[in-house]
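*Asks:* My structure is below; once you've seen it, I'll send some questions.
The values are calculated or read from the model by the stated rules, or taken from the named source; none is laboratory data. Note that the coordinates shown come from a computational prediction; the quantities given were computed from them, not determined experimentally. Glycine gets a Cβ as well: all are built from the backbone with ideal geometry, and neighbour counts include every protein chain shown.
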């Protein structure tokens with residue numbers, strides 16, 4: 001899960017932090033940008049306009065970061081580079097799928113992730129073990145129940161959750 005989040009942070013770092021520049025050929029860059037992007041100079045013109053724009057936005061965000069934020073980003077990028085390419089590809093696919101979700105679903109997933117992270121290590125381990133021991137059909141059924149419960153009003157939801165607790 002941590003690798004997934006690291007991947008999302010890295011991808012969003014480069015995707016969100018872009019500068020809106022229509023003319024981003026090498027000659028139009030300012031001196032500071034040219035100095036910072038020197039490793040890209042020879043290949044700059046061969047990069048797509050979107051890629052150049054993304055790099056410029058990332059540079060702008062990088063310049064706005066504190067030293068601590070830069071340190072954290074550097075460490076996460078080093079972790080990202082160490083990942084096998086198939087894992088990186090899975091992270092990219094999940095990130096893309098996440099971005100295609102409606103904003104409400106994205107917020108719900110973030111909320112669930114934050115709730116999970118607040119659990120004790122023992123409870124996290126127990127939930128992971130329980131989930132991993134389930135068959136695909138059981139997982140599908142659990143997700144379906146969750147979806148149904150999510151669409152109920154608060155009073156109905158509490159009543160069902162109470163019944164489920166009483167069964168245990």
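*Asks:* Which condition breaks for residue 131 when tested against (1) surrounded by 12 or more Cβ atoms within 10 Å (Cβ to Cβ); (2) in contact with a helix residue (DSSP H, G or I) (Cβ under 8 Å, 6 or more places away or on another chain)?
*Replies:* Residue 131 satisfies every listed condition except (1).
*Asks:* Mind counting the residues in the range 37-52 that are more than 18 Å from residue 63 (Cβ to Cβ), touching a helix residue (DSSP H, G or I) at 6+ places or on another chain (Cβ under 9 Å) and surrounded by 14 or more Cβ atoms within 10 Å (Cβ to Cβ)?
*Replies:* Here the count works out to 2.
*Asks:* Within the bounds of the range 11-19, is there any residue that is at pLDDT 85 or above and in a loop (DSSP other than H, G, I, E, B)? Explain how you work it out, then say what you get.
*Replies:* Taking the range 11-19 and keeping what is at pLDDT 85 or above, we get none.
Scanning the range 11-19 turns up no residue that is at pLDDT 85 or above and in a loop (DSSP other than H, G, I, E, B).
*Asks:* Let me ask something else about it. I'm trying to understand the selection: among the residues of the range 20-36, which are in contact with a helix residue (DSSP H, G or I) (Cβ under 7 Å, 6 or more places away or on another chain) and modelled with pLDDT of 60 or more? Walk me through it before giving the result.
*Replies:* Of all residues in the range 20-36, those in contact with a helix residue (DSSP H, G or I) (Cβ under 7 Å, 6 or more places away or on another chain) come to 21, 24-26, 33, 36.
Across the range 20-36, the qualifying residues are 24, 25, 26, 33, 36.
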